[in-house]
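Notes for the one structure printed next.
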């Protein structure tokens, strides 16, 4: 037995479906026009993971800051260090990135072979996932980077974020954990 809906109700349902679809497109529409940019500095007070690290640290030897920009505004930020080994702490990250930088300074001007993401945050829904994807593409295009590894805090939020984005846990340290994104 097929129920017949009042034509006014059918029209209202159809209109609500259209409005909902349009609102979802507007909500995530910014992602299509966003681009990855290298930053000279970032607002470290916005960093929920490692606000104690200043811009001098973030742009020191073998370290860079990337952001997702849309209409002149930064919506997500990710900080990296380039190393040849996987660090277990921020202190070790600083030593390994400086060492990798100095090892290559006299050779071909490229940093270490492993990109270590040590902090990521987003100001807009979808920004965290987008910056991971964009940086992942950049690393795949690079001819000296062969791994993307994180230096993440020991939190459930960090674990869930990286696992949802396809990373695999490779080690748990005293105060951090490392996840790896497959680069192929």
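Take the residues in segment 114-137 that are more than 12 Å from residue 68 (Cβ to Cβ) and buried (at least 16 other Cβ atoms within 10 Å of the Cβ), then tell me which one is farthest from the chain's Cα centre (by Cα).
Filtering first and then ranking leaves 114.
Is there any pair with a first residue in segment 91-106 that is without any contact (Cβ under 8 Å) to a residue 60 or more places away in the chain and a second that is crowded, with 20+ Cβ neighbours inside 10 Å and in a helix (DSSP H, G or I) whose Cβ atoms are under 9 Å apart and which are 6 or more apart or on different chains, and what are they?
none
The numbers here are math on the coordinates, done by the rules we state, and not lab data. Keep in mind that what you see is a predicted model, and the values were worked out from it rather than measured. As a convention, Cβ positions derive from the backbone with ideal geometry for all residues, glycine included, and neighbour counts pool all protein chains shown.
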